[in-house]
Every structure is written in structure tokens, then in C-alpha cells.
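Only one structure is covered here, and it is reproduced in the block below.
Every number here is computed from the coordinates shown, using simple stated rules; none is lab data. Remember, predicted model here, so these are calculated numbers, not experimental data.
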Amino acid sequence: MSGKLFSIVCNGRPIDNGLLKKYVADSDTVIASDAGLLYLQKIDIRPDVFIGDLDSLDIPADKIDAGEVIVYDSEKDQSDTELAVQYAIEKGAEKILLLCAAGRRIDHLLANIALLTRYPGRLIMVDDEFSVIAMTSETGAVNLKMIPGNMFSVFCYGGKTTGLYETGSHWELENITLIPGSLGLSNEAVSGEVGISIETGTLIVFAECGVNDIYVNV
């Protein structure tokens, strides 16, 4: 993938500071989602945009150091992260990274995974070990540059997924139908590239590789 890259730093489990620095340094625009601002402050990065309702941040709006500050009322229908994603899409983002978006609260994690399915192939959640992306038949195949022995998992979302193919893996799959469950859990790369494609449905891909090792036909 290429084009306008946005990074959104959330208030979930922190990731390695070196990895966080790398991803935000490579981004065209950096957004702090509410208390995600604190992670950026720890690595001396001033975000281009702050978006949040201040419910998890003990800083008044007029003291937030960011290029643009957008404050929402806490009585709202969307999470700060979803609002940040919508902002990035409206500004023409072609690829969006969700950083520090896993862990802590399971409900927030599930909400973030649901967001991936709204923007398949464009929105990627990243932590220290895995990159997570959604794909559909419309996005085309996902190719992963992987170290042999590294793990990846796939799960259907919102119903069954049909015509699942996986290549370059320990368990190569051909024309498999997935239903919600653990069937797609813990496959292993046996070559430098893993290919994944489906015919119908939505698939969530967890891969033990970096964001720049994921290639999607969008």
C-alpha cells in the first residue's frame, strides 16, 4: 500500500517506544486519540491533531499541545478512536494505523476490530507482536512477508466466510468455509510469503509481522 499515511495513537496497551517512534515518524499525519496524547508526550512527539472528549485525560483543552485540537462532548455515540478514524478518512487517508489500540478493555478492543471491518485493507491495528487487518473479497488477496516459523490467524466476522485459501503456510487451505470459532487459529509461515484470499464474507487477519510487510490489493 502507498499514499497518505495517518497514525492514530490510542489509549490502550502501550507498545514499545521505539516501534511507536518509527510508525509515527513514517506517517504524514499523527493523531492523538484522547489519552493517547500521553504516549506521544513520552516520546517527545507533538501530534498534528488531538481528538477526544477528555474523559481519560487530566488536561484542559486550552493546554493541549497539538497542531489542531478537536474536543467532543463525552455524551456521544462514537468512541474517540472512531472519530479519529473518520477524521483521517475525511482528510484523504489511504492507510491508517491504530497504535496502542489493543489490551486493557476488551470492549474497546472489540470496537476497534469492528472498525477494521468498516475499512478493510485500509485500517491496520498494530501492537508489539501482531498487525491486524480486515479483508473482503473486494479487497483482493492479502500477502504477508513473514519469517518462517512466525504465526498468523484468521477469523470470519459477521457470519461465515467462504472460499478461504492460504498458501505458504504449514496448513495450506483450499476452498475452506469458516464459521465463527477457532478453526483459523495459529497457522505458521513456512516460506517468506503467505497468501490469503476469500470468495465471500469478511476475514480478520492477525499476523506476526510489521505493517510494511502486509500487501493488500485495494
remark   = Checked segment 95-169 against the a/c 1.5 cut and the a/b vs b/c comparison, axes a ≥ b ≥ c from its Cα gyration tensor; verdict oblate
message = Tell me whether segment 107-218 comes out rounded, prolate or oblate; compute the Cα gyration tensor, take square roots of the eigenvalues as a ≥ b ≥ c, and use a/c under 1.5 as the rounded threshold.
response = rounded
remark   = Expected max-MSF residue from GLU68, GLU199, GLU208 in the GNM of the chain (alpha carbon, under 10 Å) is GLU68
query = Quick one: in segment 1-154, what % of C-alpha pairs are over 19 Å apart?
reply = 52 percent
